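A quick write-up on the structure given underneath.
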Amino acid sequence: MHPVLHFKTITHHKFLVMKYCFRLGLYRQGLLHDLSKYSPSEFWVGAKYYQGTCSPNNAERRATGCSTAWLHHKGRNKHHFEYWIDYSLNSSERMCGMEMPRRYVAEMFCDRVAACRVYLGSAYTDASAYDYYEKSKHRYIIHPRTAELLESALRVLSEQGEEAAFQWVRKNILMK
């Protein structure tokens, strides 16, 4: 059990996302980002499965078969594409991703950059968030336009750096 280390990790992450959201003018989202991580149902599970180099949710999944903390978290935080999964009206699909409001796509971008910075530490590069996305995207149930926006922003970050990526997000996600 590592409550102090977990608290420091989630607070550092929250601070980075807040800083990134403020850069985009998303002040309310920056302030409210991930507050559910401090709720008992998420915090104590995170402290129990704390590792420091990755989310404790996978450790909980390995130990118990599912992550109750993640189920709680993604159901309360609109910046996760999993929040936007619903039954499809198309009879050939069971579930599908709904298109996310653009302000939450921008927050999702900030969240992914911050998570990579926190968990990778000095090994972080501007390519880290894009590389992680590329490795996992085949498993995602995400709306195609949402995926395109997120992937494009992460690619700009990877290829052109942070300043260019934030300019791209402002221009192509928030201003449209």
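The values are calculated or read from the model by the stated rules, or taken from the named source; none is laboratory data. Everything numeric here is computed off the predicted structure, so don't read it as measured data. Cβ coordinates were reconstructed from backbone atoms using ideal geometry, including for glycine residues, and neighbour counts include every protein chain displayed.
With respect to (1) closer than 22 Å to I10 by Cβ; (2) charged (D, E, K, R); (3) not in a helix (DSSP H, G or I), the lone exception for R112 is condition (3). Is at least one residue of the range 150-164 acidic (D, E), at pLDDT below 95 and more than 29 Å from H6 (Cβ to Cβ)? Looking for residues that are acidic (D, E), at pLDDT below 95 and more than 29 Å from H6 (Cβ to Cβ), one finds none in the range 150-164, hence no.
Conditions tested, residue by residue: (1) under 26 Å from A153 (Cα atoms); (2) surrounded by fewer than 21 Cβ atoms within 10 Å (Cβ to Cβ); (3) free of Cβ contacts under 8 Å to residues at least 40 places away in the same chain.
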site: V4; (1), (2), (3): no, yes, yes
site: L24; (1), (2), (3): yes, yes, no
site: R62; (1), (2), (3): no, yes, yes
site: Y83; (1), (2), (3): yes, yes, yes
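Mind listing whichever residues of the range 85-120 are touching a residue at least 12 places away in the same chain (Cβ under 8 Å) and small (G, A, S)? Within the range 85-120, G97, A106, A114, A115 meet the criteria. Out of curiosity, is G52 farther than 19 Å from F109 by Cβ and part of a loop (DSSP other than H, G, I, E, B)? Judged against the criteria, G52 is a match.
Could you please find all residues in the range 2-20 being among the aliphatic types (A, V, I, L, M), farther than 15 Å from A114 by Cα and touching a Phe, Trp or Tyr at 6+ places or on another chain (Cβ under 8 Å)? Give the derivation first.
Taking the range 2-20 as the starting set, the residues that turn out to be among the aliphatic types (A, V, I, L, M) are 4-5, 10, 16-18.
Next cut, farther than 15 Å from A114 by Cα only: 4-5.
Listed by number, the list holds a single entry, L5.
I'd like to check something: does the range 30-47 contain any residue that is surrounded by fewer than 14 Cβ atoms within 10 Å (Cβ to Cβ), more than 14 Å from the chain's Cα centre (by Cα) and of a type in the set (D, E, K, R)? So far as the range 30-47 goes, no, none of its residues is surrounded by fewer than 14 Cβ atoms within 10 Å (Cβ to Cβ), more than 14 Å from the chain's Cα centre (by Cα) and of a type in the set (D, E, K, R).
I'd like to check something: does the range 91-98 contain any residue that is under 21 Å from T11 (Cβ atoms) and assigned to a loop (DSSP other than H, G, I, E, B)?
no
Being part of a loop (DSSP other than H, G, I, E, B) and hydrophobic (A, V, I, L, M, F, W, C) is the filter; apply it to the range 135-176 and report the residue that is surrounded by the fewest Cβ atoms within 10 Å (Cβ to Cβ).
Let us first name the residues in the range 135-176 that are part of a loop (DSSP other than H, G, I, E, B), namely 140-143, 161, 175-176.
Those still in the list that are hydrophobic (A, V, I, L, M, F, W, C) too: 141-142, 175.
Values: I141: 16, I142: 22, M175: 8.
Among residues in the range 135-176 that are part of a loop (DSSP other than H, G, I, E, B) and hydrophobic (A, V, I, L, M, F, W, C), the one surrounded by the fewest Cβ atoms within 10 Å (Cβ to Cβ) is M175.
So, in the range 42-65, exactly how many residues are closer than 16 Å to V4 by Cβ and among the polar types (S, T, N, Q)? The number of residues fulfilling the criteria is 1. Pairs linking a residue in the range 123-136 that is in contact (Cβ under 8 Å) with a residue 12 or more places away in the chain and within 11 Å of R112 (Cβ to Cβ) to a residue that is acidic (D, E) and surrounded by 14 or more Cβ atoms within 10 Å (Cβ to Cβ), with Cβ atoms under 9 Å and 6 or more positions apart or on different chains, are Y130/E151; Y133/E151.
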